[in-house]
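**Student:** This structure is in structure tokens; I'll ask about it shortly.
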Amino acid sequence: MSNKQQANLLEVRGLTVDYLTEKAKARALENVSFKVAQGSILGIVGESGCGKTTLMLALLRLLPQAGRIVAGEVLFNGRDLLRLSENDMRSLRWQDLAIIFQGAMNALNPVKTVEDQITEVLLRQNPNKTSAAKRVDELLEMVGIGRNRKGQYPHQFSGGMRQRAMIAMALACNPKLVIADEPTTALDVMVQAQILELLLQLRAELDLTILLVTHDLGVVAEVCDTALVMYGGVIAEHAPIDAIFNAPSHPYTQALLGAFPDHTKPKTQLLSIPGYPPKLDALPPGCRFAPRCSQVIDICQLKTPSLIKVSDGFASCHLLETL
Amino acid sequence: MRDFWQALRRNRMGVIGLIMIVLTLLMAIFAPLLAPYNPKERIRVTLDSIYAKPSLEHPFGTDDAGKDVLSNFIYGARVSLTVGFFASFISVVIGGTIGLISGFFGGKIDNLLMRFTDIVLVIPDLPLAVVLVALTKPSLMNIIIVIGILGWTGTARLVRSQTISVKERKFVLRAKAIGAHPLYILRNHIFPLVLPLMIANTVLVISLAILNESALAFLGLGDPSTLSWGQMLNFAFTRGAMSSGAWWALLAPGLGIVWLVLGCTLLGQGFQQILNPRLESHHLQKSEMIALEGSHVQQATG
Amino acid sequence: MTKLILRKLGWALLTIAFVLLLNFFLFRVMGDPTRLLKDPRLSQATIEAIRVRFGLDKPVINCFETLNPIKASLNACGVNPFNTQFAAYLSNLLKGDLGVSFHSQRPVAELLTERLWNTLLLIGAGQILAIIIGIILGLVAAWKARTVLDYSALVGSLTVWSLPTFWLGILLLFWGSNYLGLPLGGKETIGSGLTGLKRLGDIGTHLLLPTLTFTLVFIGEYMLIMRSTVLDVLSEDYILTAKAKGLSTFQILKDHALRNAMLPIVTIVALNLGFTVAGAIQIETVFSWPGLGLTIFEAVGRRDYPVLQGAFLLLAVSVVLANVIADLLYTFLDPRVRLA
Ligand SMILES: Nc1ncnc2c1ncn2[C@@H]1O[C@H](COP(=O)(O)OP(=O)(O)OP(=O)(O)O)[C@@H](O)[C@H]1O
Ligand SMILES: [Mg+2]
């Protein structure tokens, strides 16, 4: 599917985000740039705390009060979202860009029925209650929830059903881009597989573009067209799936793959990455990965590498520059 | 403890409250030096001296018996403070004991004590206090005891929940494991950790006790041998200050109560902010989210 | 669910039983009943009637006989439990007989029912206003957390909370009667002979200041509680979802924050009933509003014990019942509990 050549739906350029806490300023994202083609699925991976959620929230301008976008552009269909007025941005939300949050347990309001929560967005578009009710049935059917359960409250749903309800809600207004922040974490393997299957199927039916945040490289391999590997707030590598898995350019990507069980070669030893991700308020000079990198060279400690083009994608590593 | 003091000094509400309380305390202690007249002194009452307007001689005017309101006001602080401190001491001791026992031992004891607390909590305080004081003698002692034994429920619940959270800590569990006596653990390990919260709570209990005393006194159930701010208001209200337009007899004692209670409330609020700080940030807060040149948002949020 | 309701009702019954016992002991043991009979206002015949009605010649309860100062010389235990003061007290209560007022010689039950409605009117008007205004202020303060608006609302609430209710009443009365020409107190102008709408208007002007006092006193507390609950709600994930859904701030506050924060308010209103009653006693006293609070004040002044006892009992039982209702309402309103 990755060879489908289409215009870019989303293009992010030089996005930089700070969190201002009482004590310090932490740079959570630095100079993040990438493109997403219409109809493709981009997988975003990286260790916990590397800024995946921050990136997703920044795209939608939903950062918490402490978060601040200090530079960059987010071009959605050629329009810079960061420079829209608050009202224009609000009218784009959910109509064009929907998000499924990490942990749908708390993302649904516990005292409103699932139906009410979906209807709420439908009525924004079209205040006709009967057509909204019909659409709710349609949506729930699409994600495999019986319509007899639509009047129930979130706590009466299982975790998997809540996630499906969340997906139904995200699709309510036929958005062009769906952001899914770890939609399957905390679900068991079977349910996880079902949800991913559902996303793939919906992508095919509705020509959705999906940003899928996950910890699980297996998921990336299974459903994504391209992947974005993040490390400590910067992009380590951004490339098509084939390149990521078969010819990873960045030492971090290589290390990640080494730490991931490969079913085709069951005997190989798993290697964990020694050390810890950098503290955002005390970043090392030069490359952020240098302290943990096994192939570190002198320049890594001195200069921050920039994102450069490699065969199929992009990576930020001094080793690639010298080649 | 030193940290706590440091934090309090940085908390504006707490500092203001503390200053207000200390000023009242000083006024009560140095009442004989500050008051222009002695309220116990017998005076000859003339028609002119009843509800006399504020003057140089009587800065706050005089009351229905021709006495100096300012002097009564200064001495009245003593009664409010006495009742506040002693009654809240009783409340905190009862509530603290019940809370500690309930939280520490748990199980049946906890269940029983908390049910009892719930029952006492539901019964309305003031009517019960009125009945109790009316059936006994309205002496200062009785008033203190009645207010004290009615005001412990909040403390009990608070101390209980704090005890429960504290008793799961490692060193408490360790002490238990090496077979320390429960009372020893309670006194040496748990009590010190519950204490800060209890102190914070005491300040609020004091403010409630002062309000209750003034209400009882206003309803005519004050100790006849003293003159509290509540009683001053009761006398002024029932003995014609309203119809004589003698606002000075009504203003000072009420302001005194508000001053002292507000002091306690602010200090209590300050304590609370220090003991369980919360971020107070949420999803609807407008952040100056984008610091970009040429963005509309910057203009919109100013 | 049914089990939950039954358990709550059970606790309410137990609490009421405790109140009954307390009421009995307070007036029969602490309040020396012989004092009742020495009241100079009573004739010999009345005293005799009271003796019989309350069984004052019988032991207090079975083994507490010695507590009864005017006991007949009966042996300590083994007394027929149905032939005691306590039994007489309970059976009188069941018959709705709360005794006769020393002061007016009228049945206490009749006197109290008459005044109960006035109190309910005052409490109802004051509480509803306080709740509505308090909720709105709290919502706005939480939304604008850590701004000047929030801080001023916070300090304002703490100040209002610190006001002695009766004193605020006195100030408002002083101001209203001297400068606004509002009545000095009471429920209506006595002897005005007004009827119909005019009479209602008259009652309304009398109700104005007491209600205002009530509202002011309680706004602070409701605001503080609402503020902290809404702060909690607004930092929940589902609010972020609502925002991502493109709902306007107003919609989010109305449909998500308010709704979720209303639940704790129900509990708080119930827990506050004790303070509400305290407020009513003070306000009714200041404004001579003929309700249960004023009745208590008058009964204390007149040492009219049967009235005091009856009023206390009625207030305490009402508060217990209102608490159960609020508790059940909460259970019903929160789907997480209702459908558990
Ligand atoms: N509100 C905030 N204030 C300050 N720092 C924050 C805030 N939210 C996140 N951060 C910091 O920003 C960094 C990135 O966080 P983010 O939630 O984006 O990570 P993530 O990649 O989504 O992690 P996970 O995989 O655990 O979800 C972390 O170091 C985090 O501590
Ligand atoms: Mg995340």
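The values are calculated or read from the model by the stated rules, or taken from the named source; none is laboratory data. Note that the structure is predicted; figures quoted are calculated from it, not measured. Here the Cβ positions follow ideal geometry from the backbone for every residue, glycine too, while neighbour counts run over all protein chains shown. To get the accessible areas, we keep the full protein, side chains included, count just its heavy atoms, and leave off ligands, DNA and RNA. Shrake-Rupley method; radii C 1.70, N 1.55, O 1.52, S 1.80 Å.
**Student:** Over what distance in Å are the Cα centres of segment C:274-296 and segment B:189-251 separated?
**Tutor:** Spelled out, the Cα-based centre of one part sits 17 Å from the other.
**Student:** Working with all protein chains in place, sort C:Lys187, B:Lys176, C:Lys245 by solvent-accessible area computed with a 1.4 Å probe, largest first.
**Tutor:** So the residues, ranked largest to smallest area, are B:Lys176, C:Lys187, C:Lys245.
**Student:** Kindly report the accessible area of the protein assembly as shown per residue (heavy atoms of protein chains, probe 1.4 Å, no ligands, DNA or RNA), in Å².
**Tutor:** Per residue, the protein assembly as shown has 45 Å² of solvent-accessible surface.
**Student:** Just counting partner chain Cβ atoms within 10 Å, what average do the residues of peptide B:251-262 show around their Cβ?
**Tutor:** Mean partner shielding for this stretch: 3.
**Student:** If you don't mind, there's one more thing I want to ask. Find out how many positive minus negative residues lie around B:Gly96, taking Lys and Arg as positive, Asp and Glu as negative, among other residues whose Cβ is under 13 Å from that of B:Gly96.
**Tutor:** +3
**Student:** Among C:274-282, A:123-131, what's the highest-first ranking by average C-beta atoms within 10 angstrom per residue?
**Tutor:** The peptides rank, most packed first, as C:274-282, A:123-131.
**Student:** Counting only protein heavy atoms, what percent of the accessible surface of chain B is carbon or sulfur at a 1.4 Å probe?
**Tutor:** 64
**Student:** Ok, one more. Kirkwood Rh over Cα pairs of chain A into Stokes-Einstein at 4 °C, 1.567 mPa s: D in µm²/s?
**Tutor:** 62
**Student:** In addition: Ignoring ligands, DNA and RNA and using a 1.4 Å probe, state the total buried accessible area between C and B in Å², rounded to the nearest 100.
**Tutor:** Its buried surface, counting both partners, is about 5100 Å².
**Student:** With only Lys, Arg, Asp and Glu charged, each at its Cβ (+1 for the first two, -1 for the last two), find how big the charge dipole of chain B is about the Cα centre; round to the nearest 20 debye.
**Tutor:** So the dipole magnitude of chain B works out to roughly 1080 debye.
**Student:** To the nearest 20 Debye, how big is the dipole of the protein assembly as shown about its Cα centre, given +1 on the beta carbon of each Lys and Arg and -1 on that of each Asp and Glu?
**Tutor:** About 1480 debye.
**Student:** Once both axes come from the Cα atoms, what is the angle between helix B:69-105 and the longest principal axis of chain B, in degrees from 0 to 90, rounded to 10?
**Tutor:** Here the helix axis deviates by roughly 30 degrees.
**Student:** Which one, A:Pro284, C:Trp11, B:Gly220, projects farthest toward the positive side of the charge dipole computed for the protein assembly as shown from Cβ point charges (K/R +1, D/E -1)?
**Tutor:** About the Cα centre, the residue reaching furthest to the positive side is B:Gly220.
**Student:** Moving on to the next point. Against the longest principal axis of chain C, how steep is helix C:259-271, in degrees 0 to 90 to the nearest 10, with axes from Cα atoms?
**Tutor:** Helix C:259-271 sits roughly 20 degrees off the main axis of chain C.
**Student:** Can you give the helix-only mean residue ellipticity at 222 nm for the protein assembly as shown, where every DSSP H stretch with n ≥ 4 adds -39500 (n - 2.57) and the sum goes over all residues, rounded to the nearest 500 deg cm²/dmol?
**Tutor:** Using -39500 (n - 2.57) per qualifying helix, the result is -18000 deg cm²/dmol.
**Student:** Given a Förster distance of 56 angstrom, what is the FRET efficiency for C:Thr205 paired with C:Thr46, based on the Cβ-Cβ distance and rounded to 0.05?
**Tutor:** Efficiency computed from Cβ-Cβ geometry: 0.85.
**Student:** Right, another one. In the protein assembly as shown, with Lys and Arg counted as +1 and Asp and Glu as -1 at Cβ, which of these residues, C:Ser177, A:Val17, B:Ala77, has the Cα nearest the positive end of the dipole, that is, farthest along it?
**Tutor:** About the Cα centre, the residue reaching furthest to the positive side is B:Ala77.
**Student:** Specify the inter-centroid distance of segment A:240-254 and segment A:72-138, based on alpha-carbon positions, in whole Å.
**Tutor:** Rounded to whole Å, the Cα centres lie 35 Å apart.
**Student:** Would you mind calculating the gained length between A:Asn148 and A:Leu20 on full extension (0.36 nm times residue separation, minus the Cα-Cα distance), in nm to one decimal?
**Tutor:** This chain segment gains 41.4 nm when fully extended.
**Student:** Let me ask another. Enter the mean number of other protein chain beta carbons within 10 Å of the beta carbon of each residue in C:287-298, as an integer.
**Tutor:** 1
**Student:** Determine the order of C:Leu207, C:Leu321 by accessible area, beginning with the largest, at a probe radius of 1.4 Å.
**Tutor:** C:Leu321, C:Leu207
**Student:** Right, another one. Using Cα atoms only, what is the angle between the long axis of helix B:247-275 and the major principal axis of chain B, expressed in degrees (0 to 90) to the nearest 10?
**Tutor:** Around 10 degrees separate the two axes.
**Student:** Inside 10 Å of the C-beta atoms of C:312-324, what's the mean count of C-beta atoms belonging to other chains?
**Tutor:** 3
**Student:** Apply 1/(1 + (r/R0)^6) to the Cβ-Cβ distance of A:Lys279 and A:Glu321, taking R0 = 45 Å, and write down the FRET efficiency to the nearest 0.05.
**Tutor:** So the FRET efficiency works out to roughly 0.95.
**Student:** To make sure I understand the rule: partners must be lysines, Cα under 18 Å from the Cα of B:Lys167, and not fewer than 8 residues away in the same chain. Which ones qualify?
**Tutor:** B:Lys108, B:Lys176
**Student:** So, counting K/R as plus one and D/E as minus one, what does the shell of residues with Cβ under 11 Å around C:Gly186 add up to?
**Tutor:** So the surrounding residues net to -2.
**Student:** Excluding same-chain residues fewer than 8 positions from B:Lys137, which aspartates and glutamates have a Cα within less than 13 Å of its Cα?
**Tutor:** Excluding near neighbours in sequence, the set is B:Asp223, C:Asp32.
**Student:** Summing Lys, Arg as +1 and Asp, Glu as -1, what charge do residues with Cβ under 11 Å from the Cβ of A:Ile99 carry, A:Ile99 excluded?
**Tutor:** Every neighbour counted, the sum reads +2.
**Student:** Hey, can you grab everything whose amide H is under 5 Å from the amide H of A:Ala186? Only 5+ residues off in sequence or another chain; H modelled, so Pro and N-termini drop out.
**Tutor:** none
**Student:** Exactly which trypsin sites (Lys or Arg not before Pro) in segment B:1-83 are in a DSSP loop and have at most 16 other Cβ atoms within 10 Å?
**Tutor:** Those satisfying the criteria are B:Lys40, B:Arg42, B:Arg44.
**Student:** Turning to a different aspect of this structure: To the nearest µm²/s, what D does Stokes-Einstein give for the protein assembly as shown at 4 °C and 1.567 mPa s, using the Kirkwood radius over alpha carbon pairs as Rh?
**Tutor:** Calculated translational D: 39 µm²/s.
**Student:** Now a separate question. Describe numerically, in nm with one decimal, the distance between label points set 7 Å from Cα along Cα→Cβ at A:Asp188 and at A:Leu123.
**Tutor:** 3.8
**Student:** Under unit Cβ charges (Lys, Arg +1; Asp, Glu -1), what dipole magnitude, rounded to 20 debye, does segment B:20-178 have relative to its Cα centre?
**Tutor:** The dipole of segment B:20-178 has a size of about 940 debye.
**Student:** In square nanometres, what is one fourth of the surface area of the convex hull spanned by the alpha carbons of chain B?
**Tutor:** Convex hull of Cα atoms, orientation-averaged projection: 24.3 nm².
**Student:** Computed on alpha carbon atoms, what radius of gyration and Dmax characterise segment B:45-204, expressed in Å?
**Tutor:** Calculated on Cα positions, Rg and Dmax stand at 22.7, 78 Å.
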